[in-house]
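Remarks on the structure that follows.
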Amino acid sequence: MSKVIVVTSGKGGVGKTTTSASISTGLAQKGNKVCVIDFDVGLRNLDLIMGCERRVVYDFVNVVQGEASLKQALIKDKRVPNLFILAASQTRDKDALTQEGVEKVIEDLKADGFDYIVCDSPAGIEKGAQLALYFADEAIIVTNPEVSSVRDSDRILGILQAKSRRAEQGEEPIIEHLVLTRYNPGRVDSGEMMAADDVIELLSVKLLGVVPESEDVLNASNSGEPVIMDEESKAAQAYKDIVDRFLGEEKEHRFLTAEKKSLLKKLFGK
């Protein structure tokens, strides 16, 4: 049975598209048929992170508006079997998306046998964000360990609980997960960042995983490759754990405590 997952946040720049790309890739690496959709009409970043920007001929809006078929617009990932990307439009207005059009795309993807449909939501609460979450079965809330990001995520949780199709029809609520990005235990210890436990307590959402602050994320984005594919990166390890937990595996949370330096490292400043 197909599942629709929305990856969302209240604040921009928290690593939402990075998370969408890595989770989609990780689910496909596990043998699932996955489509990741960029709902951020006008900006279009997902195809850059996925390294397929030059292959975009038709986009999500073209399909919604009936200007292209879903088959024409889907881009098959060259590295991971069963992974497909539906890019956003750079030239259209956010109002180009309609609830009926989005529903048809999602239903067509389900009919095509996709196991997971990942909706990469724009930040905030405008139309594109609400459409991205409306049809969701599960939600991954991405936040940084800072007060403004957590506060905005709390607002998104309210919208998930009130304005989704499940809420409107009185069905089981959307299952919510929390991903903490750019986490630095050293800065938490020095009081510069919120601790994971404090974020969890404020949002009352189960923690799916913590992604450590890392230059590898930016490097991967610049090279057009989801960071989960960088085997040596701690961020990749974090996203692999997140995918495993999402699929029901029990895994101990990593990257929550500062690495203790050995005497040699202290002496040589490494």
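Structure above, values below:
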read-out	value
Failed item, numbered, when ASP197 is tested on (1) of a type in the set (Asp, Glu); (2) surrounded by 15 or more Cβ atoms within 10 Å (Cβ to Cβ); (3) outside any loop (DSSP other than H, G, I, E, B)	(2)
Inter-residue pairs, beta-carbon under 6 Å, first in contact (Cβ under 8 Å) with a residue 12 or more places away in the chain and in region 217-233, second open to solvent by 10 Å² or more (accessible area, probe 1.4 Å) and in a loop (DSSP other than H, G, I, E, B), 6+ apart	ALA220/ASP230; GLY224/GLY51; GLU225/GLY51
Answer residue from region 29-39, given it is buried (at least 24 other Cβ atoms within 10 Å of the Cβ) and either more than 12 Å from the chain's Cα centre (by Cα) or in a loop (DSSP other than H, G, I, E, B) (or both) and is modelled with the lowest pLDDT among those	PHE39
Selected residue (criterion: farthest from SER24 (Cα to Cα)) from residues of region 76-120 that are assigned to a strand (DSSP E or B) and open to solvent by less than 10 Å² (accessible area, probe 1.4 Å)	LEU86
Close pairs from region 103-116: first in contact (Cβ under 8 Å) with a residue 12 or more places away in the chain and closer than 16 Å to ASP137 by Cβ, partner open to solvent by 40 Å² or more (accessible area, probe 1.4 Å) and in a loop (DSSP other than H, G, I, E, B), Cβ under 9 Å, at least 6 apart	LYS110/MET1; PHE114/LYS33; PHE114/ASN82; ASP115/MET1; ASP115/GLY31; ASP115/LYS33; ASP115/ASN82; TYR116/LYS33
Residue within region 203-226 that is of a type outside the set (D, E, K, R), in contact with a Phe, Trp or Tyr (Cβ under 9 Å, 6 or more places away or on another chain), part of a loop (DSSP other than H, G, I, E, B) and at negative phi present	yes
Check on ILE156, touching a Gly at 6+ places or on another chain (Cβ under 9 Å), under 30 Å from MET194 (Cβ atoms), modelled with pLDDT of 95 or more and open to solvent by less than 10 Å² (accessible area, probe 1.4 Å)	no
Filter result for the condition that a residue is touching a Pro at 6+ places or on another chain (Cβ under 6 Å) and either assigned to a loop (DSSP other than H, G, I, E, B) or within 28 Å of ARG54 (Cα to Cα) (or both), over ALA136, ALA129, ALA123	ALA129
Scan of region 1-20 for residues that are assigned to a loop (DSSP other than H, G, I, E, B), touching a residue at least 40 places away in the same chain (Cβ under 8 Å) and either out of contact with any strand residue (DSSP E or B) (no Cβ under 7 Å at 6 or more places or on another chain) or under 15 Å from VAL118 (Cβ atoms) (or both), ordered by number	SER2, SER9, GLY10, LYS11, GLY12, GLY13, GLY15
Any hit, region 56-70, residues being more than 17 Å from the chain's Cα centre (by Cα) and among the charged types (D, E, K, R)	yes
Residues (touching a strand residue (DSSP E or B) at 6+ places or on another chain (Cβ under 6 Å) and either of a type in the set (A, V, I, L, M, F, W, C) or modelled with pLDDT under 95 (or both)) located in region 159-195	LEU160, ILE174, ILE175, LEU178, VAL179, LEU180
Checking PRO145 against (1) out of contact with any strand residue (DSSP E or B) (no Cβ under 7 Å at 6 or more places or on another chain); (2) not hydrophobic (A, V, I, L, M, F, W, C); (3) not in a helix (DSSP H, G or I), the condition it does not meet	(1)
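The values are calculated or read from the model by the stated rules, or taken from the named source; none is laboratory data. From a predicted model like this one, the values you see are computed outputs, not experimental measurements. Quick reminder, even Gly has a Cβ in these numbers, built from the backbone with ideal geometry, and neighbours come from all protein chains shown. SASA here: full protein model, heavy atoms, side chains in, ligands and nucleic acids out. Shrake-Rupley method; radii C 1.70, N 1.55, O 1.52, S 1.80 Å.
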